[in-house]
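The values are calculated or read from the model by the stated rules, or taken from the named source; none is laboratory data. Being a predicted model, the structure only gives us computed values, none of them experimental. Glycine gets a Cβ as well: all are built from the backbone with ideal geometry, and neighbour counts include every protein chain shown. Just so you know, the surface numbers come from the protein's heavy atoms only, side chains and all, with ligands and any DNA or RNA stripped out. Shrake-Rupley method; radii C 1.70, N 1.55, O 1.52, S 1.80 Å.
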Amino acid sequence: MPSPEVKGVIVYVLDHTPLDGTRILFMKRAGGDFEGQFWPVAGTPKAGETPIETAERELAEETGLTGLTLAPMGKDIHHADGSSILAAFVTEMPHDRKITLNHEHTSYTWMTFGEALANAPPVAHQYFEHLRANFFRGG
C-alpha cells in the first residue's frame, strides 16, 4: 500500500518556561477560509520541496524564525480531504529571539496544553495529546 501524499506541513513551536511549563505558538489568520482563527505554523509544499524544507520555509515566512532544529513530531496529521496527510514537526522557541509575523497573520498567542485543547476541534485533540506526551516539560 503506497504512503499517503503529503499535502502540507504543520510546525508546532514550543516555549518552555519555569512558571508556565510548555506553551504552543498559535497565530491568528488574517484571511482565507480560517480568517480570525488561531493556527500553528502551516503551509503547502512548493514544487520539488521536501516536507522538512517546506516546514523550514513556512516557519521563516510566518514567524521570522530561522536556523532552528525541527524534529519530526512522530505522528502524521490527517488532512481534511481524508486521503492525504500533513507532515508535523516540532521546534523550541529560543528565548533570545522574537516572533515577526508576516501578512498572513494579525497576532499571535502562546497557549498551554489546556488552552490548546479548549480552542481546537476535537479531531485535533489526539495531536495535542501526542505533543504533551512526547515534547512537553513541566506545567
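Odds and ends about this structure:
- Lone unmet requirement of (1) in a loop (DSSP other than H, G, I, E, B); (2) in contact with a helix residue (DSSP H, G or I) (Cβ under 6 Å, 6 or more places away or on another chain) for Ile24: (1)
- Residue in region 46-65 that is under 20 Å from Ala120 (Cα atoms) and either out of contact with any Gly (no Cβ under 9 Å at 6 or more places or on another chain) or among the aromatic types (Phe, Trp, Tyr) (or both) present: no
- Top-ranked residue of region 40-51 - restricted to ones that are among the hydrophobic types (A, V, I, L, M, F, W, C) and free of Cβ contacts under 8 Å to residues at least 40 places away in the same chain, ranked as most open to solvent (accessible area, probe 1.4 Å): Ala47
- Residue match in region 61-68 (condition: part of a loop (DSSP other than H, G, I, E, B) and open to solvent by less than 20 Å² (accessible area, probe 1.4 Å)): yes
- Residue check for Thr54: under 21 Å from Glu129 (Cα atoms), open to solvent by less than 30 Å² (accessible area, probe 1.4 Å) and β-branched (Val, Ile, Thr): no
- Residue satisfying condition, being surrounded by 19 or more Cβ atoms within 10 Å (Cβ to Cβ), among the small types (Gly, Ala, Ser) and in contact (Cβ under 8 Å) with a residue 12 or more places away in the chain, within set Ala71, Ala116: Ala116
- The set of residues in region 85-113 being surrounded by fewer than 15 Cβ atoms within 10 Å (Cβ to Cβ) and under 22 Å from Gly32 (Cα atoms) consists of Thr100, Asn102, His103, Thr106, Ser107, Thr109.
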